[in-house]
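Following: one structure in C-alpha cells, then a few remarks.
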Amino acid sequence: MTSTGPSSSSGGTGGSGGPDEPAYADRVFRSGAAVFWGCAMLAVAAWLCIDAIVRSPALTAWKVVAGLLFAVPLVVAFTIRPAVYAGADRLRIRNPFRTISLPWASVDAVRTGYSSEVLADGAKYQMWAVPVSLRQRKKAVRNQSRAAAHDDPAGSRTPFGRTSGAERPTVAASDQIVRDLQSLAEGQASRPSAQGKPSVRWALEIIAPCLVGLVALVVLLTTS
C-alpha cells in the first residue's frame, strides 16, 4: 500500500475554505503491488502483440490485437487505475469502472471489515485501492500483544540489538488508512466548500475500448 502525503501548493486540487487559506494537494492512496503487477502484465501483453504482428499470419495477428484491446483495459482497470484521493473538500474514489466524488459533508462513515468501504448519503462505496489484508491484521494483533509486554522503553531492544514488538506496527495498513479517512471526514465536513451530494461517473475510457475489443474478437473468431 502506498500513499503520498499532502503538500502545500498555490494551485492545489483539494480546494480551500477561504482566500487566505493555503491549498493542499490531495493525499493519494493506492496498492503498490497491484500497480507493479499491472505494469508487468502490460509489458507481457506488448511483447505478445509485437511477436504476433511480426511472426503470425494476418488473421492471427488481428485476433491477438482484438484480444489485447479487450484485455488491456481490464488489466489497467483492476491494477493501475484504482486510487483514493483525499482532498480538503472531498474524497474521490477511483474504482475499476467508476469514479465516485464524495464531498466530506456527505460521508457518513469510513469503515473496514473484509473490504474498505465508505457510507455516504445512504449508499455504500467500496475502495478498491485499499485492499484488506487479514494476514496484516493478524500480524498487527500479535504486535499489539508484544507491545503490551514491552511497555518499559529500556526493554524495547533484544540482547542482539533487534527491535522488539513494541516498535512494530500495531495497526494494519488498510485499517490505518480507514482511520485517517474517517478523521478527515469528521474534521473537514463543516467546511463550506465540502458540502454537496455524491456524484458518480462511469469510466468510459475503460469500458469503450473493452467492448470494441470484445466485439472485434467475437467477429474474428466466428468468421474465421
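The values are calculated or read from the model by the stated rules, or taken from the named source; none is laboratory data. Since the structure is predicted, the reported quantities are computational estimates derived from the model, not experimental observations. Positions of Cβ are backbone-derived with ideal geometry, glycine not excepted, and every protein chain shown enters the neighbour counts. Accessible surface is based on the protein model in full, side chains and every heavy atom, while ligands, DNA and RNA are left aside. Shrake-Rupley method; radii C 1.70, N 1.55, O 1.52, S 1.80 Å.
If I go through the stretch 115-124 residue by residue, how many of them are in contact (Cβ under 8 Å) with a residue 60 or more places away in the chain and either closer than 17 Å to Y85 by Cβ or open to solvent by 40 Å² or more (accessible area, probe 1.4 Å) (or both)? Working first, answer last.
First, the residues of the stretch 115-124 that are in contact (Cβ under 8 Å) with a residue 60 or more places away in the chain: 116, 118, 120-121, 123.
Restricting the remaining residues to those that are either closer than 17 Å to Y85 by Cβ or open to solvent by 40 Å² or more (accessible area, probe 1.4 Å) (or both) gives 116, 118, 120-121.
The qualifying residues number 4.
Outside any loop (DSSP other than H, G, I, E, B), modelled with pLDDT under 90 and within 22 Å of R94 (Cβ to Cβ) - does that describe any residue in the stretch 163-173? Show your work before the answer.
Our first condition is that a residue be outside any loop (DSSP other than H, G, I, E, B); within the stretch 163-173, this holds for 163, 165-167, 173.
Now restrict to residues that are modelled with pLDDT under 90: 163, 165-167, 173.
With the extra rule that they be within 22 Å of R94 (Cβ to Cβ), the set shrinks to 173.
The answer is yes, given that some residue of the stretch 163-173 is outside any loop (DSSP other than H, G, I, E, B), modelled with pLDDT under 90 and within 22 Å of R94 (Cβ to Cβ).
Evaluate the stretch 124-132: report whether one residue or more is part of a helix (DSSP H, G or I) and either at pLDDT 90 or above or out of contact with any Pro (no Cβ under 8 Å at 6 or more places or on another chain) (or both). Can you show your working first?
Taking the stretch 124-132 as the starting set, the residues that turn out to be part of a helix (DSSP H, G or I) are none.
There is no residue in the stretch 124-132 that is part of a helix (DSSP H, G or I) and either at pLDDT 90 or above or out of contact with any Pro (no Cβ under 8 Å at 6 or more places or on another chain) (or both).
Within the stretch 186-205, is there a residue that is closer than 30 Å to L68 by Cα, modelled with pLDDT of 90 or more, of a type in the set (K, R) and open to solvent by 90 Å² or more (accessible area, probe 1.4 Å)?
Of the stretch 186-205, the ones closer than 30 Å to L68 by Cα are 200-205.
Of the ones still in play, those that are also modelled with pLDDT of 90 or more are 200-205.
Adding the requirement that they be of a type in the set (K, R) leaves 201.
In the following step, the residues that additionally are open to solvent by 90 Å² or more (accessible area, probe 1.4 Å) were identified as 201.
Yes: the stretch 186-205 contains one or more residues that are closer than 30 Å to L68 by Cα, modelled with pLDDT of 90 or more, of a type in the set (K, R) and open to solvent by 90 Å² or more (accessible area, probe 1.4 Å).
Got a number for residues in the stretch 69-114 being under 25 Å from V212 (Cα atoms), in a strand (DSSP E or B) and open to solvent by 20 Å² or more (accessible area, probe 1.4 Å)? Break it down into steps so the answer makes sense when it comes.
Going through the stretch 69-114, the residues under 25 Å from V212 (Cα atoms) turn out to be 69-82, 94-100.
Within this subset, residues satisfying the condition of being in a strand (DSSP E or B) are 94, 98-100.
Pick out the ones that are also open to solvent by 20 Å² or more (accessible area, probe 1.4 Å) and you get 94, 98.
Within the stretch 69-114, residues that are under 25 Å from V212 (Cα atoms), in a strand (DSSP E or B) and open to solvent by 20 Å² or more (accessible area, probe 1.4 Å) number 2.
For K138, state whether it is under 26 Å from the mean Cα position of the chain (by Cα), at pLDDT below 80 and loosely packed, with under 13 Cβ neighbours inside 10 Å. Before the answer, list the steps.
Values: under 26 Å from the mean Cα position of the chain (by Cα): yes; at pLDDT below 80: yes; loosely packed, with under 13 Cβ neighbours inside 10 Å: yes.
Judged against the criteria, K138 is a match.
If you check A23, A46, which single one turns out to be at pLDDT below 90, out of contact with any strand residue (DSSP E or B) (no Cβ under 6 Å at 6 or more places or on another chain) and not acidic (D, E)? Break it down stepwise before answering.
On the way: A46 fails: at pLDDT below 90.
Only one candidate qualifies: A23.
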